[in-house]
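In what follows, a single structure is set out as C-alpha cells and then discussed.
The values are calculated or read from the model by the stated rules, or taken from the named source; none is laboratory data. For clarity, every value in this text was computed on a predicted model and none was experimentally measured. All accessible areas refer to the heavy atoms of the entire protein, side chains included, with ligands and DNA or RNA removed. Shrake-Rupley method; radii C 1.70, N 1.55, O 1.52, S 1.80 Å.
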Amino acid sequence: MRRATDGAVHGATSRAGAGERDGEQGAAPLLDGIPRQRRTEEPADRAPARAAVTAPAAMSVSSSVSGSPASVASFASFASAPRRARWARLLPTPAGTPFTFGYLLVLAATSLFMAHADPHTVEELLSASSTDVAHLGRTPLLVLGASALWVVDGFASPYVLGFALVLTALERRIGGWRTAGVFLLGHVVATLATEIPVGLSVVAGHLPRSSLHRLDYGISFGLMASVGALAGLLTPWLRALVLGGVGAMLLNDLLRLADPLADWGHPLALLLGVACWPLLRRTGTGGGGGRPG
C-alpha cells in the first residue's frame, strides 16, 4: 500500500509539472466530454471560494475517520485497560504473589478435606494440630506449623477473603519472604502469648487441668499481624480507616469475651504488625526486593 501511494503521488507530481511546463509554452485547449479538466490559469476571484469548499470537505473526512466505530472501540479498550489491571492486582497470582497464592491453595485443600472427609478423622487431625498447652509442651514446632493450615469454618469463612486481599496487597509491596515473616510472627507470638498464661494459671491452681487441652487453630493471628503491617504502607486516611474499622471490631469482641484467648490474641497480633512499620516502610519503598507501593 505504501509503494502504491508513493507511486500515485509521484505520478501526480510529474503530471502537474508537465501541466506547468505546458502553461509556460501556451494554454492547452480543453477536451469536450471530460469533466474537471485542469486549467493552466485560474481566475483570482474563484480561488477563495474553492479553498472555502475544500476545507469543510477535508474536515468532514477527518471527523468521519476519527469518529469511526473501530477507532472509538480501540480508544475505549485502551482507556479501560489500566483500570482492569489495577483491579486484577487485588487478587493473588502465581507469578506476582506466589506465597499468598500457594497458601490459598493449601487452605482450599484442607477446607475441602474438612467438608468431605470422615468427621472422626477430621476431629483427630484438628486435635493433633491444636496449639493448646499440652501440644505446645510436647511438639511445639509441629503444632505451630500445622495449626496455620486450617481455617475455622472452612474456605467459606470471611477470614479467607481477608487473607487473600490483605496478604496480596502486602506481598506486592514487600515481597513474599517478608510477608511470610510478618504472618508467622503474628501467628507464633500471639499464640505463645495467650497459651503460656493458661499453663501458668493451671500450675498456680487458678484454672482446671482441662484447660490444657482445647482446640486452637486457624489463620486469624497471622492475618491480624498482616493487617497491622499493611496499614503502615497505606496513605494516612486509608490507614486510619483500616485501623479504625478493625480496631472497633476487636474492641467489640473484647467486650463480649466469648473466646478469651482469641479475643486477646487478635489485638496483640495487630500490634505486632504495627511494630513492623519502621522495617517494612523501608522495604516497601524499593529496598530489599519488595515491589514499590
key: Equivalent ellipsoid semi-axes - Cα gyration tensor, region 198-267, angstrom   = 31, 13, 9
key: Apportionment of accessible area to carbon and sulfur, region 175-238, percent (1.4 Å)   = 72 percent
note = When every protein chain stays in place and a 1.4 Å probe is rolled, 274, 160 sorted by accessible area with the largest first are 274, 160
